[in-house]
Amino acid sequence: MARQVPNDAVIEALGHVKYPGYAADIVALGIVEDVQPAQSGGYAITIRQVSERDEVIRELAAKIHHALTHDLGVPSVELRVHRIEAELGEKTGRVRLEGTKHIIAVGSGKGGVGKSTVAVNLAVALARLGLSVGLLDADIYGPSVPMMFGAGEERPKSAGGQNFFPIEKYGVKLISIGFFLGEKAPVIWRGPMVMGAVRQFLKDTLWGSQDFLVVDLPPGTGDAQLTLAQQVSLDGAVIVTTPQDVALLDATRAVKMFRQVHCPILGVVENMSYFVCPDCGERDELFGHGGGERMAAEEGTQLLARIPIYPDVRQAGDDGMPITIANPEHPASVAFMELARRIANAAAVDD
């Protein structure tokens, strides 16, 4: 019998295997599901299927085999592919929620552009249109939904087993890591834990029947965002930017990220687009003009909305009542309602 290579050494070796097209390794991305030693001294490795493309699986298998047999000296490797479409009902392996008609992601290329403000007010505006709406706060490291809904002290109720009910506020069903950890508790997790939390929120939350689930993704275009976009079967993405060039550049990267995971781009929202002086009525485009529209045209998509910048919008979020609820006649609320109508109409066309 050949000498057994330790499990830790095998996992460490797998941690050097990059997923094709990614900067992250297959362990960090949560692709490795199981590592079991065999009596022959070899190993049986189970990986989660994350691509329908046979060439990707073949390339990954070759990398794993080389890392373990050539570099580590494992005598034999049996690779098992866990084809999760049977479990989740999707060939892509993405989560599709029974009872949810449309899953819309709100993303951004960088932080600080008001992505969560847009996601929150979009969800509320859709609810004001008479639609049933859920909001998943997938921004694990910076959850702001509990505060913006004034629900930071609330906790989801257990529904037995692993299932739980979402928090309901202003006609929107809510789930966020913030409900479980508290608003001020830091989240110090590595990639696989983040992916597991989001997947659990999707599968174990009793969402019921709903027209829309809005997913507030983390800012940026790193491996975490790519993996989240692959975990959820998205019907479309809304990209949030501000007019200045640096934000537009990052937003362009976000568009390309979603296209890489075959998610349709519904359009661009230009946040903090302009300011209207409450005293004189003069309009001032503080961060530039037309950037969101130019970017949308260059990327072959549409500008969905221009959201004005007002201190009232920030204050409403801090007070736990989104501006669309706090002041429905506010110019920002009017813009959010128009955004919601465009999203709802786009979904109706798809139906």
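The values are calculated or read from the model by the stated rules, or taken from the named source; none is laboratory data. Computed from a predicted model, the values in this text were never measured in an experiment. Reconstructed Cβ throughout: ideal geometry from the backbone, glycine too, with neighbour counts over all protein chains shown.
Restricting to the range 127-167, name every residue that is part of a helix (DSSP H, G or I) and touching a Leu at 6+ places or on another chain (Cβ under 9 Å).
The first filter runs over the range 127-167 and keeps only residues part of a helix (DSSP H, G or I), leaving 127-128, 145-148.
If the condition is that a residue be part of a helix (DSSP H, G or I) and touching a Leu at 6+ places or on another chain (Cβ under 9 Å), then VAL145, PRO146 are the ones that fit.
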Taking the residues in the range 73-102 that are of a type in the set (Val, Ile, Thr), in contact with a strand residue (DSSP E or B) (Cβ under 7 Å, 6 or more places away or on another chain) and outside any strand (DSSP E or B) as candidates, determine which candidate is modelled with the lowest pLDDT. ILE84
Any idea which residue in the range 287-345 is farthest from VAL120 (Cα to Cα), counting only those that are touching a Lys or Arg at 6+ places or on another chain (Cβ under 9 Å) and of a type in the set (D, E, K, R)? GLU299
Could you list, in sequence order, all residues of the range 26-72 that are more than 18 Å from GLU12 (Cβ to Cβ), at pLDDT 75 or above and of a type in the set (A, V, I, L, M)? ALA38, VAL56, ILE57, ALA61, ALA62
